[in-house]
Ligand SMILES: C[S@@+](CC[C@H](N)C(=O)[O-])C[C@H]1O[C@@H](n2cnc3c(N)ncnc32)[C@H](O)[C@@H]1O
């Protein structure tokens, strides 16, 4: 079923956007066309740091192929259970930095199986990612936009989730309802350790995500869950995994060649799902 269009605000003057035949328009006349794939680009040029911000086409394609093979299904299932345990019909959900939409698609499929009707929106700063997302799922609203300026009214969402992305806690706090939840998927200590051992002469020590900036914005940590399993990947899949991570650009040439020599590799996937709640009284020291 088609998820209803969320309330959106103009990224330039923050006035409400009204749907017209092929675009969204605010009272001041700022207009945003509907792309043929069905998404809206709410990232004005003055909010961009580069011509094509975010993940490029190759990264998006590699991630889409890899994820659609189901390798991270255990991660999406844990995320779905956490969201659907709390939400009833018509909850407003945002996937902030959604990439090509794998996690939101999985959530909507699961929700439909449980007869739960969510109002779902995925946004990403990468136009290529949103084009892929909009092609793969017509039931959600897809937006090119930034986590730094979310184009929604204040206190709008029941849940925001951010998977391996770039959380902006102040903005998330502004757009979540009181007691709304923020779910973060982040890498754990042993994530892809075997791959990193082949890529780098010495593996960097792990440092967990610093949640203090989130606490400063009024979030409290309710729970955290480890999701850990092993995947045996063939050469082509290892290359897809590399292309969807920064390792492809960061790793030395020798490391990339080492991986190219492998026929297959068993890789540990180690991910943490952090569940945070926004308290009634927002903290005053948040300056993220
Ligand atoms: C590692 S990918 C994760 C994509 C997706 N969440 C997933 O796990 O499959 C990080 C994503 O964040 C996007 N991104 C980077 N900066 C962003 C920002 N300021 N606002 C929204 N998305 C951003 C990138 O374009 C990329 O798609």
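The values are calculated or read from the model by the stated rules, or taken from the named source; none is laboratory data. Owing to the predicted nature of the structure, the values given are computational and were not obtained by experimental measurement. Glycine gets a Cβ as well: all are built from the backbone with ideal geometry, and neighbour counts include every protein chain shown.
Tabulated results
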read-out	value
Some residue of segment 200-216 being within 16 Å of the ligand (Cβ to nearest atom) and closer than 22 Å to residue 58 by Cα	no
Qualifying positions in segment 217-230 - in a strand (DSSP E or B) and under 22 Å from the mean Cα position of the chain (by Cα)	219, 220, 221, 222, 223, 224, 225, 226, 227, 228, 229
Index of the failed condition, residue 115 passing every other in (1) surrounded by 16 or more Cβ atoms within 10 Å (Cβ to Cβ); (2) more than 10 Å from the ligand (Cβ to nearest atom); (3) at pLDDT below 95	(1)
Hey, residue 160 at pLDDT 95 or above, under 14 Å from residue 185 (Cα atoms) and more than 9 Å from the ligand (Cβ to nearest atom) or not	yes
Strands (runs of 3 or more DSSP E) fully within segment 1-100 counting 1 or more residues that are over 16 Å from the mean Cα position of the chain (by Cα)	23-25, 31-33
Subset tally (residues that are over 23 Å from residue 6 (Cβ atoms) and modelled with pLDDT under 95) for segment 63-98	0
Residue tally, condition surrounded by fewer than 22 Cβ atoms within 10 Å (Cβ to Cβ) and not in a strand (DSSP E or B), over segment 153-167	7
Every pair of residues 6+ apart whose Cβ atoms lie under 7 Å, when the first sits in segment 155-171 and is in contact (Cβ under 8 Å) with a residue 60 or more places away in the chain while the second is within 12 Å of the ligand (Cβ to nearest atom) and assigned to a loop (DSSP other than H, G, I, E, B)	162/97; 165/97; 166/97; 166/147; 167/147; 168/147; 168/148
Residues of segment 240-270 satisfying the condition of being outside any strand (DSSP E or B), surrounded by fewer than 18 Cβ atoms within 10 Å (Cβ to Cβ) and at pLDDT 95 or above	252, 253, 254, 256, 257, 258, 260, 261, 262, 263
Residue match in segment 45-56 (condition: within 12 Å of the ligand (Cβ to nearest atom) and surrounded by 20 or more Cβ atoms within 10 Å (Cβ to Cβ))	yes
Conditions (1) more than 12 Å from the ligand (Cβ to nearest atom); (2) surrounded by fewer than 14 Cβ atoms within 10 Å (Cβ to Cβ); number of the one not met by residue 83	(2)
Filter result for residue 146 (more than 30 Å from residue 258 (Cα to Cα) and within 11 Å of the ligand (Cβ to nearest atom))	yes
Residue 203 vs. criteria in contact with a helix residue (DSSP H, G or I) (Cβ under 6 Å, 6 or more places away or on another chain) and more than 18 Å from residue 9 (Cβ to Cβ)	yes
Within segment 96-110, tally of residues that are farther than 17 Å from residue 85 by Cβ and more than 10 Å from the ligand (Cβ to nearest atom)	1
Conditions (1) within 14 Å of the ligand (Cβ to nearest atom); (2) modelled with pLDDT of 95 or more; number of the one not met by residue 8	(1)
Residue match in segment 183-201 (condition: without any contact (Cβ under 8 Å) to a residue 40 or more places away in the chain and part of a strand (DSSP E or B))	no
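Matching residues to (1) touching a residue at least 60 places away in the same chain (Cβ under 8 Å); (2) surrounded by 14 or more Cβ atoms within 10 Å (Cβ to Cβ); (3) touching a helix residue (DSSP H, G or I) at 6+ places or on another chain (Cβ under 9 Å):
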| residue | (1), (2), (3) |
| --- | --- |
| 10 | yes, yes, no |
| 25 | no, yes, no |
| 32 | no, yes, no |
| 59 | yes, yes, yes |
| 63 | yes, yes, yes |
